[in-house]
Amino acid sequence: MELNIETSRPLYSIGVAAEILGISARMLREYEKAGLIKPARIGGKRKYSNNDLHFIKNIKFYLEDVGMTITALKVFYLSAPCWRIKQCGQRKCPAYHNCDVKCWEVIKGHDGCDARTCKGCPVYLVHEKNKGLKIYQGKDIGPKCFKST
């Protein structure tokens, strides 16, 4: 799925999003509480976009299929390049296959990317909430490339 500003339009209530995703509304609230998602608020009600649904499917995969905890998922999000995790499909993005930068830092001004889609990305949200976090021998956590076998 290619993420763009059109797919970031809030469309779905929490009940509809939960039904589409096959999870409970309570679990969506837990993901939000953990800082993994940030749905739009319209009239005080949560509204989810197609981008949000894509990101939540990614979260659900790591938590349910891989068996990660929310804490482990946050550490993973802090240590891997975002394009590798969220698989946004924007292969023309200057951050794609660049393991030294975060996509939202390099896409500003790039015609093929829209930085507004980053604001709902769980990788971006975790990075923003945990700026300056040092957990590995006092070193900042940043993008790392993992060699696939």
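We did not get these values from a lab; they are worked out from the coordinates using the rules stated. If you're wondering where the values come from, they're calculated on a predicted model, not measured in any experiment. With ideal geometry, Cβ positions are generated from the backbone for all residues, glycine too; neighbour counts draw on all protein chains shown.
Residues checked against (1) over 17 Å from C121 (Cβ atoms); (2) surrounded by fewer than 16 Cβ atoms within 10 Å (Cβ to Cβ):
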| residue | (1), (2) |
| --- | --- |
| Y12 | yes, no |
| V16 | yes, yes |
| I20 | yes, yes |
| Y31 | no, no |
| I37 | no, no |
task = Tell me, please, whether a residue that is in contact with a helix residue (DSSP H, G or I) (Cβ under 9 Å, 6 or more places away or on another chain), in contact (Cβ under 8 Å) with a residue 60 or more places away in the chain and of a type in the set (A, V, I, L, M) can be found in region 26-37.
result = yes
remark   = If we ask which residues in region 21-56 are among the β-branched types (V, I, T) and over 18 Å from the mean Cα position of the chain (by Cα), their number turns out to be 1
key: Residues (acidic (D, E) and within 14 Å of C121 (Cα to Cα)) located in region 39-78   = D52
